[in-house]
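Asks: Take this structure first; my questions come after.
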Amino acid sequence: MNYAENILETIGNTPLVKLNVLTKELPCLVLSKYETFNPGNSVKDRMALQMIEDAEADGRLKPGGTIIEGTSGNTGMGLALAAIVKGYKCIFVMADKQSQEKIDILRAVGAEVVVCPTNVDSTDPRSYYSVSKRLGEEIPNSWYVNQYDNPSNCKAHFLSTGPEIWEQTEGKVTHFVVGVGTGGTISGVGSYLKMKAKEAGTTVKVWGIDTYGSVFKKYHETGVFDENEIYPYITEGIGEDILPLNVNFGVIDGFTKVTDKDAAIYTQRLAKEEGMFLGNSAGAAVKGLLQLKEHFTKDDVVVVLFHDHGSRYVGKMFNNDWMRDRGFVEEDFKTAADLVKSNSDRSLVFAQTEELVSHAIERMKSFKISQMPVKDVNGFVGSLDESILLHHFITDKNIADKSIKEIMGKPYPMVIKSTKLEDISKLMTKENDAVLVDLENGYHHIITKHDIIGGI
C-alpha cells in the first residue's frame, strides 16, 4: 500500500503548472511552482519542518517545548502542523495588517496568536519582531524560531525546492522569479539553480519581487539601507523593513517593485483568468514578471513560485468592497450616481437644526464621519463639519449645549445623479467639503472630497 506515515511526509514534490493567459504577451515559457499543494497550502511548510528538525537535532527544541515565532501566517501554519505531529505547543506573533483568515486558521490548528501593530519600527518593543523575541526569552522551555535569520530556512529550499525545479525542467530553467520576504526561498532555490547551471555550462537569472515600502530593491542596487523607503504597505508576505540574514543579495540578479494595487488586481486575475486561486504575493509575482518582459527571449524557461492559497485572502483581495475602499477596483467613474452606487444602500446621516451640537458630535463619532448636512422641515438648510466645530469650540467651550442652527455653515450644493465627475469636482472648494446628490424619490447621498479622489 502507498501512504504517508503522517501529514509531514506530504510536504514537497509540488507540480509545475504553465501560465497561459496572463503571460501571453511574454515571449517565453512561464511555469509556476505551485506551492499550495503542500499540506499547509504554502511554500513555508518546507522550511518550517527543516527548522524544527534542525533545532531538535542540536537540542534547541526539547520535548514538550513551546515554539515561538513572528509570522505573516504561512510559516506559522507550517510550524503548527509539525508541532501537532511532534507534540509541541505554538505561540505565533502577527502584525495586524495580516488577514483575519490567517489568524483564524492558526487558532484552528491549536496555536496561540498574539497580534501586534504594523505601523511601528522593527525595533519598537510593540513590533512583532520584538514581541516574538521577548516571548522566546521569557517562556520556559521555548524556542524562538527567527525564520529571518535561521539558516535552516534557506537550507530547506536548497535541499528540496531547488532540486525539484531543476529536475522538473530537465535543467532547462533560465530564470527564477519569486517574492522576497525572509529571503529563504529566493536564496536557497537561487543558490541551487545557479550551482547546477554552472555545472551544466548554462546560466540562471534570479529575480526578486519587492513591494513599495520595502528596502530590498534599493539596498541591492546601492548598498544603502534607506529608512525613507520604509512605510506601511498592504501587500502580504513580501518586502521587509529589515535585512534578514537569509537574503543572499549575491545570488539575486535584480529586483522589481510592484504596487499594492497591482498585486491585488493580479491576484484576482489569476483566479478569474487562469483558474489559480492564490495568495496576494502571487499577484505581485505575476505583475513583476510582466514588468521584466524585456529580460526574456523565446528560448527562455521562466519559473515563478506561487507561495500560498487564496483562501487566506477571501476577506481582502477577493472582496470587492475591500478592494473598492482602497481604490483597487478599476471602475469607470463618470457621474454622481457612479460615485455613490457602492453606498447607495446606506441611509444619509444628517442633523436637524434644533438638535444640540452635542448630538451632532456623537453622531459624527458613531459613524466616523467628518461632515454632514443639516435639515429642517423644508429640506437641507445647512452643513456641519469638523472645522466649524473646532472653530466654535476655541471661542466658546459651552458650544455643545447650543442648537445646531446657531453654528451651522451654508448648505452643500445639490446635484442630480447624472452630473459629471468634473462638474462635481468644481463645486469642491476650501469652503465647501461636500456635495449632495438627489437620487430621486426623496433619497439623497453625500459626496466628499475623499470620494472624488477615490473616483479619479
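Asks: When you go through ASN38, ASN74, ASN13, ASN6 one by one, which is the residue that is within 26 Å of the chain's Cα centre (by Cα) and at pLDDT 95 or above?
Replies: None of the other options fit; the residue is ASN38.
Asks: Then there's this: Could you go through segment 321-329 and let me know if any residue there is buried (at least 19 other Cβ atoms within 10 Å of the Cβ) and more than 30 Å from VAL286 (Cα to Cα).
Replies: Looking for residues that are buried (at least 19 other Cβ atoms within 10 Å of the Cβ) and more than 30 Å from VAL286 (Cα to Cα), one finds none in segment 321-329, hence no.
Asks: Which members of segment 17-32 meet the condition of being within 28 Å of LEU49 (Cα to Cα) and buried (at least 18 other Cβ atoms within 10 Å of the Cβ)?
Replies: LEU31, SER32
Asks: Against the condition more than 26 Å from PHE328 (Cβ to Cβ), at pLDDT below 95 and either over 19 Å from the mean Cα position of the chain (by Cα) or aliphatic (A, V, I, L, M) (or both), how does GLU170 come out, does it pass?
Replies: no
Asks: Look through segment 281-322, keep the residues that are among the polar types (S, T, N, Q) and modelled with pLDDT of 95 or more, and return whichever of them is farthest from ILE209 (Cα to Cα).
Replies: So, considering only residues that are among the polar types (S, T, N, Q) and modelled with pLDDT of 95 or more, the one farthest from ILE209 (Cα to Cα) is THR297.
Asks: Looking for whichever is closer than 19 Å to GLN98 by Cα and buried (at least 18 other Cβ atoms within 10 Å of the Cβ) here; the options are LEU278, LEU270, LEU305. Which one fits?
Replies: LEU278 is the lone residue from the list that is closer than 19 Å to GLN98 by Cα and buried (at least 18 other Cβ atoms within 10 Å of the Cβ).
Asks: Output yes when any residue across segment 42-54 is surrounded by fewer than 22 Cβ atoms within 10 Å (Cβ to Cβ) and either at pLDDT 95 or above or under 23 Å from TYR128 (Cα atoms) (or both), and no when none is.
Replies: Yes, segment 42-54 contains a residue that is surrounded by fewer than 22 Cβ atoms within 10 Å (Cβ to Cβ) and either at pLDDT 95 or above or under 23 Å from TYR128 (Cα atoms) (or both).
Asks: If you take the residues of segment 419-456 that are part of a loop (DSSP other than H, G, I, E, B) and touching a helix residue (DSSP H, G or I) at 6+ places or on another chain (Cβ under 7 Å), which of them is surrounded by the fewest Cβ atoms within 10 Å (Cβ to Cβ)?
Replies: MET428
For (1) aromatic (Phe, Trp, Tyr); (2) within 30 Å of GLY12 (Cβ to Cβ); (3) part of a helix (DSSP H, G or I), each residue gets a yes or a no:
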site	(1), (2), (3)
VAL286	no, yes, yes
GLU294	no, no, yes
VAL302	no, yes, no
ARG312	no, yes, yes
PHE318	yes, yes, no
TRP322	yes, no, yes
VAL329	no, no, no
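Asks: Of the residues VAL93, VAL85, VAL145, VAL173, which is touching a Cys at 6+ places or on another chain (Cβ under 8 Å), β-branched (Val, Ile, Thr) and in contact (Cβ under 8 Å) with a residue 24 or more places away in the chain?
Replies: When all the criteria are applied, what remains is VAL93.
Asks: Taking SER127, is it over 21 Å from GLU53 (Cα atoms), small (Gly, Ala, Ser) and crowded, with 21+ Cβ neighbours inside 10 Å?
Replies: Criteria met by SER127.
Asks: Being free of Cβ contacts under 8 Å to residues at least 60 places away in the same chain and in a loop (DSSP other than H, G, I, E, B) is the requirement here; does TYR233 meet it?
Replies: yes
Asks: For LYS365, work out the one condition from (1) surrounded by 16 or more Cβ atoms within 10 Å (Cβ to Cβ); (2) charged (D, E, K, R); (3) over 28 Å from LYS420 (Cβ atoms) it doesn't fulfil.
Replies: Only one criterion in (1) surrounded by 16 or more Cβ atoms within 10 Å (Cβ to Cβ); (2) charged (D, E, K, R); (3) over 28 Å from LYS420 (Cβ atoms) is unmet by LYS365, namely (1).
Asks: Which residues, counting only those in segment 388-407, are touching a residue at least 24 places away in the same chain (Cβ under 8 Å) and under 21 Å from VAL435 (Cα atoms)?
Replies: Hits for segment 388-407 are LEU389, ILE404, LYS405, ILE407.
Asks: Here's something else I'd like to know. Of the numbered conditions (1) under 23 Å from GLY239 (Cα atoms); (2) surrounded by fewer than 24 Cβ atoms within 10 Å (Cβ to Cβ); (3) touching a strand residue (DSSP E or B) at 6+ places or on another chain (Cβ under 9 Å); (4) of a type in the set (A, V, I, L, M), MET77 fails exactly one; give the number of that condition.
Replies: Going through (1) under 23 Å from GLY239 (Cα atoms); (2) surrounded by fewer than 24 Cβ atoms within 10 Å (Cβ to Cβ); (3) touching a strand residue (DSSP E or B) at 6+ places or on another chain (Cβ under 9 Å); (4) of a type in the set (A, V, I, L, M) one by one, MET77 breaks only (2).
The values are calculated or read from the model by the stated rules, or taken from the named source; none is laboratory data. The shown structure was predicted, so the numbers you read here are calculated from the model rather than taken from an experiment. So basically every Cβ, Gly included, is an ideal-geometry build from the backbone, and we count neighbours across all protein chains shown.
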